[in-house]
Amino acid sequence: MCRDAPQLVFAYASNEFGTASADCHTALAYLELALPAFGLGSCWAGYVNYAAAQWPGLSEKLRLPENHTCHGALMVGIPKIKYARAPKKMSRI
């Protein structure tokens, strides 16, 4: 499910904060943008985040503090493909 990603990053926050979900998504997005500077790549792990919310075994392993919810997860690892530049845009017909 995680394609042998060596690391998983979870973003969680207290249920007391109304913007917790948006804050966690923003933090993961910035992490995703920063990782290539360290030679790393990432991919959002939606199924893992879903499992953290639905499967008691995973939520216990994460040891989240009481009244905290996991709002997102990223798989992080060394990418197999490296791009030297962004692909050219195709012109419209």
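Counting only residues 5 or more places away or on other chains, whose amide H sits under 5 Å from the amide H of Ala45 once H atoms are built in the peptide plane?
Under 5 Å from the amide H of Ala45: Ala73, Leu74, Met75.
How high is the relative contact order of the chain? Use alpha-carbon pairs under 8 Å, at least six apart in sequence, and give a whole percent.
Relative contact order here is 44 percent.
For the stretch 42-48, take each phi angle, set θ = phi - 60°, evaluate the Karplus expression 6.51 cos²θ - 1.76 cosθ + 1.60, and give the result in whole Hz per residue in order, putting x for glycine and proline.
Karplus values, whole Hz, x for Gly and Pro: 8, 8, 5, 10, x, 5, 5.
Please get the size of the charge dipole for the stretch 38-93, origin at its Cα centre, with Cβ charges of +1 on Lys and Arg and -1 on Asp and Glu, quoted in debye to the nearest 20.
Once rounded to the nearest 20, the dipole reads 680 debye.
Which FRET efficiency value, to the nearest 0.05, do you get for Ala53 and Lys82 by plugging their Cβ-Cβ distance into 1/(1 + (r/R0)^6) with R0 = 41 Å?
The value I calculate is 0.75.
Report the extension gain between Ser14 and Cys2 in nm, rounded to one decimal, defined as 0.36 nm multiplied by the number of residues separating them, less their alpha carbon distance.
1.7 nm
Each label point is 7 Å from the Cα along the Cα-to-Cβ direction; what then is the distance between the points at Ala27 and Met90, in nm?
3.9
Hand me the GluC sites (Glu not before Pro) from the chain located in a DSSP loop with no more than 13 other Cβ atoms within 10 Å, in residue order please.
Answer in residue order: Glu16, Glu66.
Read-outs throughout are calculated quantities, based only on the coordinates presented, and are distinct from any laboratory measurement. Because the structure is a prediction, the values reported are computed rather than measured. Quick reminder, even Gly has a Cβ in these numbers, built from the backbone with ideal geometry, and neighbours come from all protein chains shown.
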